[in-house]
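Q: Quick one: structure below, then a few questions.
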């Protein structure tokens, strides 16, 4: 008799990924919709790796994807224990660009982090564990009623509008760093300092602008599924 309590989750739509581009508080991008068109069973509680390995080896179960986990959470189908981290199936190199958004795991070549979820103060939080770090002792399993559809929406292979991001970074450096530096020098520095130290002012302003990315950047658009296409929206 199985030691795992299974719960059914009906098809639905959910969102994973982050629209927060700050290096300190953001996560893999972009935030995007995942439309799951199949029913699946998910383990109500986290499963020990020993039991999970047995289930997977026998072909009964597999690791849950981030999208399946998130949909199950929103449906109230899963629970966790404070302080525990559970491993999911997704393997990410740094972003979700190119991901098929139908619920299946996103496994990139040369991946660098495991997608996991941790439970802290009764609330789940996204956790990404480096490939060279020990894996969590617990996992979350699913049993899918059907395979994902071969016709599914997919994010662009690479981030679009990179030129606009470069322009944005230049504007942020000007507004937060370079212009304030010259303004301060104009009112407070000794005569002739701007003519002699303009390069230092520019470099200092650029540093401030780049440093600010640790704490803040404008939110990125969320990508929605429209038929078999993913489109960006605010």
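Q: Checking the conditions here, which among 203, 165, 199 is free of Cβ contacts under 8 Å to residues at least 24 places away in the same chain, under 22 Å from the mean Cα position of the chain (by Cα) and assigned to a helix (DSSP H, G or I)? Can you show your working first?
A: Values: 203 fails: under 22 Å from the mean Cα position of the chain (by Cα); 199 fails: under 22 Å from the mean Cα position of the chain (by Cα).
Exactly one residue qualifies, and that residue is 165.
Q: Do the conditions hold for residue 15, that is, is it surrounded by 16 or more Cβ atoms within 10 Å (Cβ to Cβ) and out of contact with any helix residue (DSSP H, G or I) (no Cβ under 9 Å at 6 or more places or on another chain)? Steps first, answer last, please.
A: Numbers: surrounded by 16 or more Cβ atoms within 10 Å (Cβ to Cβ): yes; out of contact with any helix residue (DSSP H, G or I) (no Cβ under 9 Å at 6 or more places or on another chain): no.
Considered against the rule, which asks whether it is surrounded by 16 or more Cβ atoms within 10 Å (Cβ to Cβ) and out of contact with any helix residue (DSSP H, G or I) (no Cβ under 9 Å at 6 or more places or on another chain), residue 15 comes out as no.
Q: Output the qualifying pairs, or none if there are none: Cβ atoms under 6 angstrom, residues six or more apart or on different chains, first residue in segment 129-157 and on the phi > 0 side of the Ramachandran plot and part of a loop (DSSP other than H, G, I, E, B), second residue surrounded by 13 or more Cβ atoms within 10 Å (Cβ to Cβ) and modelled with pLDDT of 95 or more.
A: As it stands, the answer is none, since no pair meets every condition given.
Q: I'd like to check something: does segment 12-19 contain any residue that is under 15 Å from residue 117 (Cβ atoms) and outside any strand (DSSP E or B)? Full working, then the answer.
A: From segment 12-19, those under 15 Å from residue 117 (Cβ atoms) are 14-18; that's our starting set.
Subset that is outside any strand (DSSP E or B): 17-18.
The answer is yes, given that some residue of segment 12-19 is under 15 Å from residue 117 (Cβ atoms) and outside any strand (DSSP E or B).
Q: Take residue 156 and decide whether it is touching a strand residue (DSSP E or B) at 6+ places or on another chain (Cβ under 6 Å) and closer than 21 Å to residue 96 by Cβ. Let's see the steps before the verdict.
A: On the way: touching a strand residue (DSSP E or B) at 6+ places or on another chain (Cβ under 6 Å): no; closer than 21 Å to residue 96 by Cβ: yes.
Criteria not met by residue 156.
Q: Can you tell me how many residues within segment 110-140 are in contact with a strand residue (DSSP E or B) (Cβ under 9 Å, 6 or more places away or on another chain) and surrounded by fewer than 18 Cβ atoms within 10 Å (Cβ to Cβ)? Before you say what the answer is, go through the steps one by one.
A: Filtering segment 110-140 down to residues in contact with a strand residue (DSSP E or B) (Cβ under 9 Å, 6 or more places away or on another chain) leaves 111-119, 124-131, 133, 135-140.
Narrowing the set further to residues that are surrounded by fewer than 18 Cβ atoms within 10 Å (Cβ to Cβ) leaves 111-112, 118, 124-126, 128-131, 133, 135, 137.
Counting residues in segment 110-140 that are in contact with a strand residue (DSSP E or B) (Cβ under 9 Å, 6 or more places away or on another chain) and surrounded by fewer than 18 Cβ atoms within 10 Å (Cβ to Cβ) gives 13.
Q: Counting only residues that are surrounded by 12 or more Cβ atoms within 10 Å (Cβ to Cβ) and modelled with pLDDT under 80, which one in segment 141-159 is farthest from residue 87 (Cα to Cα)?
A: 159
Q: Does residue 94 satisfy the condition of being at pLDDT below 95 and in contact with a strand residue (DSSP E or B) (Cβ under 7 Å, 6 or more places away or on another chain)? Steps first, please.
A: Values: at pLDDT below 95: yes; in contact with a strand residue (DSSP E or B) (Cβ under 7 Å, 6 or more places away or on another chain): no.
Answer is no for this residue.
Q: Filter segment 54-95 for residues that are surrounded by fewer than 19 Cβ atoms within 10 Å (Cβ to Cβ), free of Cβ contacts under 8 Å to residues at least 60 places away in the same chain and either in a strand (DSSP E or B) or touching a helix residue (DSSP H, G or I) at 6+ places or on another chain (Cβ under 8 Å) (or both) and give the result.
A: 91, the sole residue that qualifies.
The values are calculated or read from the model by the stated rules, or taken from the named source; none is laboratory data. Only a predicted model underlies this, so the values are computations on that prediction, with no experimental measurement involved. Reconstructed Cβ throughout: ideal geometry from the backbone, glycine too, with neighbour counts over all protein chains shown.
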